[in-house]
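*Asks:* Let me give you the structure first, and then I'll get to my questions.
The values are calculated or read from the model by the stated rules, or taken from the named source; none is laboratory data. For clarity, every value in this text was computed on a predicted model and none was experimentally measured. Cβ placement follows ideal geometry from the backbone for every residue including glycine, while neighbour counts extend to all protein chains displayed. With ligands, DNA and RNA removed, areas are computed over all heavy atoms of the protein, side chains included. Shrake-Rupley method; radii C 1.70, N 1.55, O 1.52, S 1.80 Å.
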Amino acid sequence: LATNLLGKSFGGSEGPVLHIVVVGFHHKKGCQVEFSYPPLMPDEPHDSNRLPEEWKYLPFLALPDGAHNYQEDTVYFHLPPLSEDMKCVYGVSCYRQIEAKALKVRQADVTRETVQKSVCVLSRVPLFGLLQAKLQLITHAYFEEKDFSQISILKELYDHMNGSLKGSALEGSQVYLGFCLSSQVLILFKLILLEKKVLFYVSPVNKLVGTLMTVLSLFPGMIEHGLMDSSHYRPKSSVSEDLSLGEGVAGAEEFVSVSVTDITNTTSELQGEDMIQPALESLSSGNNAEEDSHFLKPPTCTSPESSESDWETLDPSVLEESSSKELAEGKQMGPELPDPFDSKPGTPITVQPQAASGQGGVTQGLVSGLEEDQYGLPLAIFTKGYLCLPYMALQQHHLLSDVTVRGFVAGATNILFRQQRHLSDAIVEVEEARIQIHDPELRRILNLTTADLRFADYLVKHVMENRDDVFLDGTGWEGGDEWIRAQFTLYLHSLLSSTLQQDNERLLADYGSPFITAWKISHNYRVWYSNKHPAMTTITPGHPFQGQYSVADVKLRLSHSVQNSERGKKIGNAMITTSRNVVQTGKAVGQSVGGALTSAKSAMSSWFSTLAQPASVTAQAYPGTATDVKQ
């Protein structure tokens, strides 16, 4: 996993850190940039409040919503690139607050009892864990000065980071596994493979971003190399100029970044869903309602076919017309395909920038633009308008319904995001370890097979066994963080290898036939499948936990149903309520009757706990299990 990128990506003089920024809360102006080094805007002083239009949400990301409820917090966030030669900008922010009376130098604009500020690092590379460790120390020292005009320590931080991190390796171990492992994680894994709209919800922010990035770390190479195009979006006031639709597409001028929140003011945003829905209905009743309403309202069809993005494949006739912008940039697109390439007449042609030269070209395959390994990983999930936003500020709410955004994996702490359920396919409530999937068809697609349940149970058992070992203290390989990632790497390798086999219906059935059908039309699978990956021949096809059914499998299925189905949850809640009432009734009617009822209650609870916690299933019970991944 470790790949030395910094040296070859940024040359000799440029370092991985772009800016050190201080964001404060002003009692009249709200969140604003108070200091930046180097300045965010050219020819501006270090204390300028101005910032690029593309980064207009930076103050609200660095100083998160509801931060005043916590003494300190940490935020990961992504910013869009400022130019075409840049990629995603990764931000790490450390927030703290201090009592105003404790300051040695109290400035005139400090009128409240507490002062809230964030120190953040904007980086070219996703060294989240490393940046956080260094930034927390500096933020603590900066606040200990009790004089925020002392900015020399921030300038030293910039020089130190660019000096010490130059040549550092990108390693997955810099992101920790800090969540409760269960079968829900495999459902999340499949949701992201399908490129659905997934929203994580929990407070505080450090728990939110830690959980989200942990899930992404289960995808091989994703954090290291797969997020470069994950933050390509336009600010709310901007018109989406480049939709890759071409001038030959009728009505292309109507494809602007219109969102639900564009039609409401700030007050209506804070009032929630009740104000937004009438605005949707009024817009959809206009003259162009039949043409435009499907861009403004949530999709009514949530079938797997709807996940296919319309802008990644173009009809060959579109290539006959080139925009003036493309001509100015020197891009060449032929009106017709040469005969050697026209193996299937009428096949959609994909126009993509080549990763090596940056020149546009026509190819039968799809180009991810990512740095891939010999297996074609990371998958091109966070490309073509599929966003990864570890933390979303309330000011970014419009992105959930932006027509240029085909999907997202995002995190939020504001309850307004969770209330707008129609804007996402799944809401992950981290605190309750629950995934809310609204569409019954999507729930059917994501239903785990018996082999999947074996895989999830195998992970949970090994993690729990090693976690309880006082001698290993979490440092052992088996059950550790890297071991878990290795299992998901094996799972994904086997899945990809199975799709390449002839007569593979039985192999793919262990992953879920509805899931495979939906995944095969996703952008990331089509990009991967359209290119050759010779190293895949070394991977054994088939589910790692395929095999004959047993009594243990029936137990696993019952346990999964009880824990995850709505009926099972209702039964569980009813059991808790009944148990509480039985105890109270037993105390009221006497010890003898109460003893009998309590015994009956205990017997019923024991039966349900047996279903919820099946007997340990060892690796030997599953033929073909492997704990190591071929590199």
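*Asks:* Residue 406 passes all but one of (1) at pLDDT below 90; (2) open to solvent by 30 Å² or more (accessible area, probe 1.4 Å); which number fails?
*Replies:* (1) is the only condition that residue 406 fails.
*Asks:* Out of 197, 146, I need the residue that is among the basic types (Lys, Arg), open to solvent by 20 Å² or more (accessible area, probe 1.4 Å), at pLDDT 65 or above and over 30 Å from residue 493 (Cα atoms). Which one?
*Replies:* Answer to the check: 146.
*Asks:* Here's a follow-up. When both residues are 6+ apart or on different chains and their Cβ atoms are under 6 Å apart, which pairs have a first residue that lies in region 423-445 and is without any contact (Cβ under 8 Å) to a residue 12 or more places away in the chain, and a second that is open to solvent by less than 60 Å² (accessible area, probe 1.4 Å)?
*Replies:* 443/437
*Asks:* Then there is this: Of (1) modelled with pLDDT under 90; (2) out of contact with any helix residue (DSSP H, G or I) (no Cβ under 6 Å at 6 or more places or on another chain), residue 183 satisfies all except one. Which?
*Replies:* Exception for residue 183: condition (2).
*Asks:* Could you tell me which numbered condition residue 374 fails, if it satisfies all but one of (1) open to solvent by 20 Å² or more (accessible area, probe 1.4 Å); (2) outside any loop (DSSP other than H, G, I, E, B)?
*Replies:* (2) is the only condition that residue 374 fails.
*Asks:* For residue 96, are the conditions met, namely being open to solvent by 20 Å² or more (accessible area, probe 1.4 Å) and over 32 Å from the mean Cα position of the chain (by Cα)?
*Replies:* It is false that residue 96 is open to solvent by 20 Å² or more (accessible area, probe 1.4 Å) and over 32 Å from the mean Cα position of the chain (by Cα).
*Asks:* Look at region 400-444 and say how many of its residues are farther than 14 Å from residue 198 by Cβ, assigned to a helix (DSSP H, G or I) and not charged (D, E, K, R).
*Replies:* 6
*Asks:* Give region 78-89 a look and list any residue that's without any contact (Cβ under 8 Å) to a residue 40 or more places away in the chain and open to solvent by 60 Å² or more (accessible area, probe 1.4 Å), or say none. It would help to see each step written out before you state the result.
*Replies:* First, pick out the residues of region 78-89 that are without any contact (Cβ under 8 Å) to a residue 40 or more places away in the chain: 82-86.
Scanning region 78-89 gives 82, 84, 85.
*Asks:* Those residues that are open to solvent by 10 Å² or more (accessible area, probe 1.4 Å) and more than 15 Å from the chain's Cα centre (by Cα), I need them from region 385-396; list them, please.
*Replies:* Answer for region 385-396, where residues must be open to solvent by 10 Å² or more (accessible area, probe 1.4 Å) and more than 15 Å from the chain's Cα centre (by Cα): 394, 395.
*Asks:* On the given criteria, is residue 118 within 32 Å of the chain's Cα centre (by Cα), polar (S, T, N, Q) and at pLDDT 90 or above?
*Replies:* Values: within 32 Å of the chain's Cα centre (by Cα): yes; polar (S, T, N, Q): yes; at pLDDT 90 or above: yes.
Spelling it out, residue 118 is indeed within 32 Å of the chain's Cα centre (by Cα), polar (S, T, N, Q) and at pLDDT 90 or above.
*Asks:* Restricting the search to region 61-77, which residues are surrounded by 20 or more Cβ atoms within 10 Å (Cβ to Cβ) and either among the charged types (D, E, K, R) or not in a loop (DSSP other than H, G, I, E, B) (or both)?
*Replies:* Taking region 61-77 and keeping what is surrounded by 20 or more Cβ atoms within 10 Å (Cβ to Cβ), we get 61-65, 67, 73-77.
Passing the criteria: 61, 62, 65, 67, 73, 74, 75, 76, 77.
*Asks:* Something else: When only residues in region 41-60 that are modelled with pLDDT under 95 and among the aliphatic types (A, V, I, L, M) count, which is surrounded by the most Cβ atoms within 10 Å (Cβ to Cβ)?
*Replies:* Filtering first and then ranking leaves 51.
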